[in-house]
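Working notes for the structure below.
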Amino acid sequence: MFKKVFSKIPKKSSKGSDNRDQGGNSRSHGVVASKNTDNVTPSGSSKTGNVSSSSSSSLGQGQYHNNHGNKSSLPINENSNGNFNSYEALPAFRDVHNSEKPSLFIKKLRMCSVVFDFTDPTKHLKEKEVKRQTLVELVDYVSSVNAKFTENVMQEVVKMVSVNIFRTLSPQPRENKLIDGVELEEEEPSMDPSWPHLQIVYELFLRFVASPELDAKLAKRFIDQSFILRLLDLFDSEDPREREYLKMSLHRIYGKLMAHRPFIRKSINNTFLNFVFETEKHNGIAEFLEILGSIINGFALPLKEEHKLFLVRILIPLHKPKCLAMYHQQLSYCVTQFVEKDCKLADTIIRGLLKYWPITNSSKEVMFLGELEEVLEATQPPEFQRCMVLLFRRVAHCLNSPHFQVAERALFLWNNDHIVNLIKQNCKVILPIIFPALEKNTKTHWNQAVHSLTLNVQKIFQDLDPDLYKECLQKFEQDSSKEGEVTAGREATWKRLEEVAAKKAAANEAVLISKTLPRKSAG
């Protein structure tokens, strides 16, 4: 079901997309990495510190909740050479009786709570490989277990996952990566050197949450709000592979632990608000929107007021940041989902787009026009009539844009049959607004493709209502004539000023003009 849901949502494109594809399609998801994968050059995306561990002593539930990822000592000793004396592989599950498997599972979880330092690829090679193999065994066990997970097992799984994945992220500087939404140069995403272990831990957690043997009522006590908040913080990771696993894990949690749904939505909203109005820097906006696209798809009708406020206060302002290109596909999908569920929201969305419409950023303007077409495709005539005047004033500006891609994208609106039908129904209002822009394009636009498309649009209107077209042409010619007269008068005034100034220059006298300068009328 997940593959069906996420396949409809636009994926974030990045150079790490090839790696991302490993994150949720096959059963093993590529977790059985080769032994040489430990030797990863440190990229500075995370700091795991020196070898640390997590206590396996039994903690009460109250103690545990504020202790996600805390690391305390295990009975594993490190000698003066930095090697472990007692980090040895435990028996395989196939070698023990079924009754002993649950206790062996917990022992292996505690063993995997030791976190190794991957910044030095030559250190603890044997121990790293033992942990990797143990993690793979745990993944297989969780996938094949046929008995309900006990509270003790849930606590140990969440504790082990917390110790391994929750860490301080050290992102690379992002100040100079984007200028006006345009990427200056293609940069490889920062990859976490500890990924050989992290990937299998994420795979284990994903299968644990998705397992039918997990009791949601019990699990919500261990996968609590504190855990979820720390999980959300990891979405700012530079590693696209990690963000893909986080996206799938959070979606599983949202689907299974229904008590946490409002909290998850609220926490994501807070991240969005901080991004839009404070930092404009976050690596995981696209992944959050992919999750929300699936959630919005499942909203019941009629839409709750809370969900409409989410559209107005969160999704529409997300068009504001300069780095919109990083997540625009996912954002556009979320917005159009609202129109498809409630067509009355089309007017609100179009006015919101016009509010944040880019004036000096051509690449963003092209994206806005693309999204506008998707929204208009789901818009019904009553909602269209409410906003068509404001909308086509903006479209007219786009038609005359010197940037040919903006003008071309605006003209492509007339290739959409539904939009053309809406325009035809309201031709008497729309044609007078855009006619001057079309006429100027045919006379002065430098791009041949724009010129040809403009002629095609003019022909549509001419065939639709020849009398209205002729009336608009006459008005345009009259306005052009008046504008010519105003321009000629202005030039004459300046010429007179220059002549008077030349005569008075020798005497150093002030130049007084009795006649006021002609002004161009607002109409």
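The values are calculated or read from the model by the stated rules, or taken from the named source; none is laboratory data. Since we're looking at a predicted model, the values are computed, not measured. Cβ placement follows ideal geometry from the backbone for every residue including glycine, while neighbour counts extend to all protein chains displayed. Note: accessible area is taken over every heavy atom of the protein model, side chains too, but ligands, DNA and RNA are not part of it. Shrake-Rupley method; radii C 1.70, N 1.55, O 1.52, S 1.80 Å.
Restricting attention to region 126-154, the residues that are among the aliphatic types (A, V, I, L, M) and either within 12 Å of K101 (Cα to Cα) or over 35 Å from the mean Cα position of the chain (by Cα) (or both) total 6. Selection of region 376-393 for residues being assigned to a helix (DSSP H, G or I) and open to solvent by less than 60 Å² (accessible area, probe 1.4 Å) yields L376, P381, E383, F384, C387, M388, V389, L391, F392.
Could you grab me the full set of residues in region 265-322 that are among the β-branched types (V, I, T), under 18 Å from E371 (Cα atoms) and open to solvent by 30 Å² or more (accessible area, probe 1.4 Å)? Answer for region 265-322, where residues must be among the β-branched types (V, I, T), under 18 Å from E371 (Cα atoms) and open to solvent by 30 Å² or more (accessible area, probe 1.4 Å): just V312. Only one of these conditions is not met by L214: (1) buried (at least 18 other Cβ atoms within 10 Å of the Cβ); (2) touching a residue at least 60 places away in the same chain (Cβ under 8 Å); (3) over 18 Å from F149 (Cβ atoms); (4) in contact with a Phe, Trp or Tyr (Cβ under 7 Å, 6 or more places away or on another chain). Which number is it? Tallying (1) buried (at least 18 other Cβ atoms within 10 Å of the Cβ); (2) touching a residue at least 60 places away in the same chain (Cβ under 8 Å); (3) over 18 Å from F149 (Cβ atoms); (4) in contact with a Phe, Trp or Tyr (Cβ under 7 Å, 6 or more places away or on another chain), L214 fails exactly one: (3). Pairing residues of region 466-479 that are within 20 Å of N426 (Cα to Cα) with residues that are of a type outside the set (A, V, I, L, M, F, W, C) and open to solvent by 80 Å² or more (accessible area, probe 1.4 Å), at Cβ distances under 8 Å and at least 6 apart in sequence or on separate chains, gives L468/K428; Y469/Q462. Taking region 395-411 as the range and being touching a Leu at 6+ places or on another chain (Cβ under 8 Å) and within 15 Å of G370 (Cβ to Cβ) as the test, the residues that pass are V395, C398, V406, A407, E408, R409, A410, L411. Looking at this structure, is K107 in contact with a Pro (Cβ under 8 Å, 6 or more places away or on another chain) and part of a helix (DSSP H, G or I)? No, not satisfied. Candidates are the residues of region 86-115 that are in contact with a Lys or Arg (Cβ under 7 Å, 6 or more places away or on another chain) and surrounded by fewer than 22 Cβ atoms within 10 Å (Cβ to Cβ); the one that is farthest from N164 (Cα to Cα) is F93.
So that you can scan it fast, the table gives a plain yes or no per residue for (1) open to solvent by 50 Å² or more (accessible area, probe 1.4 Å); (2) within 22 Å of L391 (Cα to Cα); (3) under 43 Å from the mean Cα position of the chain (by Cα):
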residue: K443; (1), (2), (3): yes, no, yes
residue: A449; (1), (2), (3): no, no, yes
residue: Q458; (1), (2), (3): no, yes, yes
residue: E471; (1), (2), (3): yes, no, no
residue: Q474; (1), (2), (3): yes, no, no
residue: E485; (1), (2), (3): yes, no, no
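Looking only at region 342-360, decide whether some residue is open to solvent by 60 Å² or more (accessible area, probe 1.4 Å) and within 15 Å of the chain's Cα centre (by Cα).
Within region 342-360, the first condition is being open to solvent by 60 Å² or more (accessible area, probe 1.4 Å), and the residues that meet it are 344, 351, 355, 359-360.
Add one more test, that the residue is within 15 Å of the chain's Cα centre (by Cα), and what stays is none.
The answer is no; no qualifying residue exists.
With respect to the stated conditions, F227 fails to be surrounded by fewer than 23 Cβ atoms within 10 Å (Cβ to Cβ), in contact (Cβ under 8 Å) with a residue 40 or more places away in the chain, of a type outside the set (G, A, S) and under 22 Å from L309 (Cβ atoms). When R241 is tested against the conditions (1) within 15 Å of the chain's Cα centre (by Cα); (2) surrounded by 23 or more Cβ atoms within 10 Å (Cβ to Cβ), the lone failure is (1). Taking (1) without any contact (Cβ under 8 Å) to a residue 40 or more places away in the chain; (2) open to solvent by 20 Å² or more (accessible area, probe 1.4 Å); (3) part of a loop (DSSP other than H, G, I, E, B) in turn, S401 satisfies each apart from (2). Scanning region 193-207 turns up no residue that is modelled with pLDDT of 95 or more, small (G, A, S) and more than 30 Å from P358 (Cβ to Cβ).
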